[in-house]
Amino acid sequence: MYDSTNICSNTSGSIGRGRYLSTESNKIDEPLKVEEAETVNVPPPPAEKLLVLGGTGFVGSHICKEALHRGLSVASLSRSGKSSVPESWANKVQWHQGDLLSGDSWKEALTGVTSIVSCVGGFGSNSYMYKINGTANITAIRAAAEKGVKRFVYISAADTGVINYFLQGYYDGKRAAETELLVRYPYGHVILRPGFIYGNRRVGSMEVPLGVIGSPLEMLLQHAKPLTQIPLVGPLLTPPVNVTAVAKVAVRAAIDPVFPPGIVDVHGLQRYSQQK
Ligand SMILES: NC(=O)c1ccc[n+]([C@@H]2O[C@H](COP(=O)([O-])OP(=O)(O)OC[C@H]3O[C@@H](n4cnc5c(N)ncnc54)[C@H](OP(=O)(O)O)[C@@H]3O)[C@@H](O)[C@H]2O)c1
C-alpha cells in the first residue's frame, strides 16, 4: 500500500513523490523563500490486477479476500460467475463467468491481468479429474502466457501415497498442469502443494467448520515431518493447513517479485505464512 503522506504538490500544482522546495526568487540578498509543501491525498497508482481462477470456491474465495486486503484489484473466473457469499468484500471483486474447458470467451477475463492464482480443480471420474485438474489449467496457463501475464500460481496438491492410486486422474492432472507451468513460466511460476486444507467451508447457505478436525491434526502432525518420508503410508501424515495460510502465501507468491519460483510443500506453506 502506498503512503500518501510523502506525496506532495508544489505551488504550480504538479504532483510527485517526495518534498518539493520552491526557490522562486530573483533577489540575491533576500533569504531563500521556502514554501511549505502541502500534503494531498492522491489515489495510489493503478494496482496490480490479480485474476483468481475459481474465486467462487473454498480456497479461491479466501484468496480474493486476502488480495483485496492487500489493496489489489481482484477478478475471478468460474463457471458460476458471481459468488453468492453474503459478505461485503465480494462486491469489490470483478466476477467473470466462463468455463475453461469450453470456448474462448473466458479469455476476456485476462485483460489487464498481471498475475493469476488458479484454484481450479475437483473430483469425479478419473477422466473428469484429469480434465478439471489438468486440461483446464493447462489451457489457462497457455492463454495467460500468450497474453503476457507475468506470474502464475497454481494450487496443486501434496502426494497422498497409497491414495494416489485411487485418485489417479486427480494426480496425473495436477502433475500435467505443473509440467506445463514449468515450461511456460520457468521464472514466473509458483506451485503450492498443500495436503488437506481446513477452514470454514461454505456448502449452500451453511458454513462447515473443517478446522474442528484440521486444526488439532495440524498441531499433531507438524512435528512428524520425518514420518512423511515412509513410502506409501508416510504422505498420509502430511499435516493439514489453514485456508488463510494458503491464501496468504498464494497472494504473496503472485505479487512479490522476489518470491522464488518452484514448489512449496505444506511445511513451506506453514513457514511462509508465518512471515510478516
Ligand atoms: N480443499 C482441499 O483440502 C484441497 C487440498 C489440496 C489441494 N486442493 C486444491 O486446491 C484447489 C481449490 O480447492 P477448493 O477446495 O477450493 O475447490 P472448490 O471449492 O471446488 O473450488 C474450485 C473452483 O474452480 C471452479 N471451476 C471448476 N471447474 C471450472 C472450469 N471448468 N472453468 C472455470 N472454473 C472452474 C469452481 O467454480 P464453478 O464450479 O462455478 O466453475 C470453483 O470456484 C483445487 O485445485 C484443489 O485440487 C484443495
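Any read-out appearing in this document is the output of simple, stated calculations on the displayed coordinates, not a laboratory observation. On a predicted model such as this, the values are computed, not experimentally measured, just so you know. Cβ atoms come from the backbone with ideal geometry, glycine included; neighbour counts cover every protein chain shown.
A few points about this structure:
- Whole-Hz ³J(HN,Hα) from phi, Karplus 6.51 cos²θ - 1.76 cosθ + 1.60, for region 70-83, glycine and proline x: 8, x, 7, 8, 10, 10, 9, 10, 7, 5, 7, x, 5, 6
- Computed from phi, the 3J(HN,Hα) profile of region 118-130 under the Karplus parametrisation 6.51, -1.76, 1.60 (θ = phi - 60°) reads 9, 10, 7, x, x, 10, x, 5, 4, 5, 5, 5, 5 Hz, with x in place of Gly and Pro.
- Neighbour-count order for 104, 159, 256, fewest beta carbons within 10 angstrom listed first: 104, 256, 159
- Restricting region 135-192 to chymotrypsin sites (Phe, Trp or Tyr not before Pro) in coil, as DSSP defines it, with at most 14 other Cβ within 10 Å: 187
- Estimated distance in nm for a label pair at residue 175 and residue 222, the labels positioned 7 Å out from Cα along Cα-to-Cβ: 3.0 nm
- Nonlocal amide H pairs with residue 242, under 5 Å, H built at 1.01 Å: 198
- Cut-off under 5 Å, modelled amide H: who pairs with residue 202 long-range: 208
- Computed from phi, the 3J(HN,Hα) profile of region 49-64 under the Karplus parametrisation 6.51, -1.76, 1.60 (θ = phi - 60°) reads 10, 9, 9, 9, 7, x, x, 8, x, 4, 6, x, 5, 5, 5, 4 Hz, with x in place of Gly and Pro.
- Whether region 57-122 is rounded, prolate or oblate, judged on the alpha carbon gyration tensor where a/c under 1.5 counts as rounded: prolate
- Test item: Cα-centred dipole of region 49-274, Lys/Arg +1 and Asp/Glu -1 on Cβ, debye: 380 debye
- Summarising the amide proton neighbourhood of residue 96: residues at separation of 5 or more, or on other chains, whose placed amide H is nearer than 5 Å comprise 76, 77, 78.
- Candidate lysines for bridging to residue 147, where Cα separation is under 21 Å - those fewer than 8 sequence places away on the same chain excluded: 49, 107
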